[in-house]
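Here's the structure we're looking at; comments come further down.
The values are calculated or read from the model by the stated rules, or taken from the named source; none is laboratory data. Note that the structure is a prediction, hence the values are computed from the model and not measured. Cβ sites come from the backbone with ideal geometry, for glycine too, and all protein chains shown count toward neighbours. For accessibility, only protein heavy atoms count, side chains too; no ligands or nucleic acids. Shrake-Rupley method; radii C 1.70, N 1.55, O 1.52, S 1.80 Å.
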Amino acid sequence: MKLSDFDFHLPEDLIATRPASPRSSARLLHAEAGGIADRIVNQLPDILRPTDRLVLNDTKVIPARLFGVRHRVGEAGATEAKIEVTLLEPQADGTWSALVKPLKKLREGEEVVFSSDLTARLEGRSDGQGSLRFNLTGDDFDAALAEAGAMPLPPYIAAKRPADEKDKEDYQTIWARNMGAVAAPTASLHFDEALVAALQARGVGMSFVTLHVGAGTFLPVKVEDVTTHKMHAEWGRVSETAAAEIAATKAAGGRVIPVGTTALRLIESAARGGSIQPWEGDTDIFIYPSFEFQVTDGLMTNFHLPKSTLMMLVSALMGQERVQEIYAHAIESRYRFFSYGDSSLLIP
């Protein structure tokens, strides 16, 4: 398998920079039984069966982008430099690994001021990333970060416009509760209270799992032989309750449909033994064609970047030729792409 096998041309104007409003009014490409139907997300209750179970990621995105200033007094007198930080993940020693721009403008031991309440000191650097220690911890840190930080919009949106206050609501699912992601599980952004109520009335089950989506989700694949690509690790948990619900659905002949590639990767990580089990830890599972799915019967997901690991995942589920057909239809029908774009329901 070559990286070029997962490439396609996407017109620039199909990249969404704002979500549909209301959330469930986004378009839904429904691919099942060899056919393709153009639907709306709020029609999900009419499409799904009462025996189906959706698996949803309840991670909460932190406002991980920070803009600060480094002050320095040297031979040239007092100088300052603007510093941009994207938090990646907390470390066991209490520091945060972070992307720091420009990292060369910051020396170890120097402080960056983000607000009157929030500062951080550079404690080290490795692999092009900085290690930052903040002046606050716990709830105090969370409160100061909420005030000073911006949502870490994906690069393809951030290149078109800066994040704003609206993104703090738009780039968060309605059931987000476990803080730790620096990217949203975007397929779940299409759900609003009305849609959830309609799905529950239909009898569709819902199970919640947690996978803290990392910034590595946007890293490009750089190897031509895709089987040699190394995935970034992300922390996740499948509770006893969620595992039991999913197992019961499978046993009863129902379909398990993760909402988003993050939920899919997590439940397949928890089912490597052949059946779903409670699970917690770091997963770097890489799903590409020839992968054997243990619990996944379908997937609700947005439209993905060319040559990305997510294109490889949907190709593993649906088949490469089928995905090419689906994406050609989506482009011709002018579906909106990527994190704030439209969605698809893929049933092999």
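Using the Cα centre of the chain as the reference point, and only Cβ charges (+1 on K/R, -1 on D/E), how large is the resulting charge dipole? Debye, rounded to the nearest 20. Mind showing how you got there, number by number?
Working: 36 positive and 46 negative charges, 76 e Å.
That gives the chain a dipole magnitude of about 360 debye.
Give me the percent of the accessible area of the chain that comes from carbon and sulfur atoms, probe 1.4 Å, all protein chains in place. List each step's numbers first, then the result.
On the way: 7570 of 15520 Å².
Carbon with sulfur: 49 percent of the solvent-accessible area.
Mind checking which of Ser333, Pro258, Ser275 is farthest towards the positive end of the range 230-348's charge dipole, using Cβ charges of +1 (Lys, Arg) and -1 (Asp, Glu) about the Cα centre?
Value: Ser333.
Measuring from label point to label point, each 7 Å out along Cα→Cβ, what is the Asp142 to Glu32 span in nm?
Calculated label separation equals 3.8 nm.
Once you've got the GNM for the chain with C-alpha springs shorter than 10 Å, pick whichever of His229, His30, His329 has the biggest mean-square fluctuation.
Residue with maximal mean-square fluctuation among His229, His30, His329: His229.
When ligands, DNA and RNA are left out and all protein chains stay put, how many square angstrom of accessible area per residue does the range 116-207 have with a 1.4 Å probe?
Accessible surface, normalised per residue, equals 47 Å².
Using 0.36 nm per residue, how much length does the chain from Thr17 to Met1 gain when fully extended, once their Cα-Cα distance is taken away?
2.6 nm
When ligands, DNA and RNA are left out and all protein chains stay put, how many square angstrom of accessible area per residue does the range 276-348 have with a 1.4 Å probe? If you can, show how the numbers build up before the last one.
On the way: 2680 Å² over 73 residues.
That works out to 37 Å² for each residue.
I'd like the projected area of the range 196-348, averaged over all directions, using the convex hull of its alpha carbons. Report it in nm² with one decimal.
Result: a mean projected hull area of 9.7 nm².
Just to check, using Stokes-Einstein with a Kirkwood Rh over alpha carbon pairs, what's the diffusion coefficient of the range 156-212 at 37 °C and 0.692 mPa s in µm²/s?
So the translational diffusion coefficient is about 248 µm²/s.
At 1.4 Å probe size, with no ligands or nucleic acids counted, give the accessible surface of Lys307 in Å², nearest ten.
Spelled out: Lys307, probe radius 1.4 Å, area about 80 Å².
Over the heavy atoms of Arg121, what accessible area does a 1.4 Å probe trace out, to the nearest 10 Å²?
The accessible area comes out at roughly 110 Å².
Taking a point 7 angstrom from the Cα of Arg177 along the C-beta vector, which residues in the range 35-72 have backbone N less than 16 Å away?
55-61
May I ask you to work out the translational diffusion coefficient for the range 76-178 at 4 °C, viscosity 1.567 mPa s, via Stokes-Einstein with Rh from the Kirkwood sum over Cα pairs, reported in whole µm²/s?
86
Mean shadow of the range 204-246, computed from the convex hull of its alpha carbons, in nm²?
Average projection, Cα convex hull of the range 204-246: 4.6 nm².
Could you list, bin by bin from short to long, the percent of Cα-Cα pairs of the range 1-124 in 10 Å steps?
9, 23, 20, 21, 17, 8, 2, 0
Could you give the spread of the C-alpha atoms of the range 1-59 along their three principal axes, from largest to smallest, in whole angstroms?
Here the Cα extents, ordered largest to smallest, are 40, 31, 29 Å.
Add +1 for every Lys or Arg and -1 for every Asp or Glu among the other residues with Cβ under 11 Å from the Cβ of Asp52, and state the total.
Charge balance near Asp52 sits at +3.
Using heavy-atom solvent-accessible surface (probe 1.4 Å) with all chains present, what is the largest-first order of Ser333, Ser188?
Ser333, Ser188
With the convex hull built on the Cα atoms of the range 309-348, state its orientation-averaged projected area in nm².
2.8
Would you mind calculating the relative contact order of the range 38-139 from Cα pairs under 8 angstrom and at least 6 residues apart, reporting the percent as a whole number? Each step should come with its number before you reach the end.
Values: 150 pairs, mean separation 19.3, N = 102.
This gives 19 percent for the range 38-139.
Computed on alpha carbon atoms, what radius of gyration and Dmax characterise the range 67-108, expressed in Å?
Cα only, the range 67-108: 12.4, 38 Å (Rg, Dmax).
Using a simple spin-label model with points 7 Å from Cα along the Cα→Cβ vector, what separation in nm is obtained for Ile40 and Arg161?
2.3
Hey, got a sec? Which trypsin sites (Lys or Arg not before Pro) in the range 177-265 land in a DSSP loop and have at most 14 other Cβ atoms within 10 Å? Before the final figure, lay out each step's value.
Details: sites: Arg177, Arg202, Lys222, Lys230, Arg237, Lys250, Arg255, Arg265; in loops: Arg177, Lys222, Lys230, Arg255.
Hits after loop and neighbour filter: Arg177, Lys222, Lys230.
Once the Cα gyration tensor of the range 120-204 is found, what semi-axes does its equivalent ellipsoid get, as square roots of 5 times the eigenvalues, in whole Å, sorted largest first? Show your work: numbers first, answer last.
Details: eigenvalues 201, 55, 33 Å².
Taking √(5λ) for each eigenvalue gives 32, 17, 13 Å, largest first.
Could you order Glu75, Glu12, Glu111 so the one with the most accessible surface comes first? Probe is 1.4 Å.
These residues rank, largest area first, as Glu75, Glu12, Glu111.
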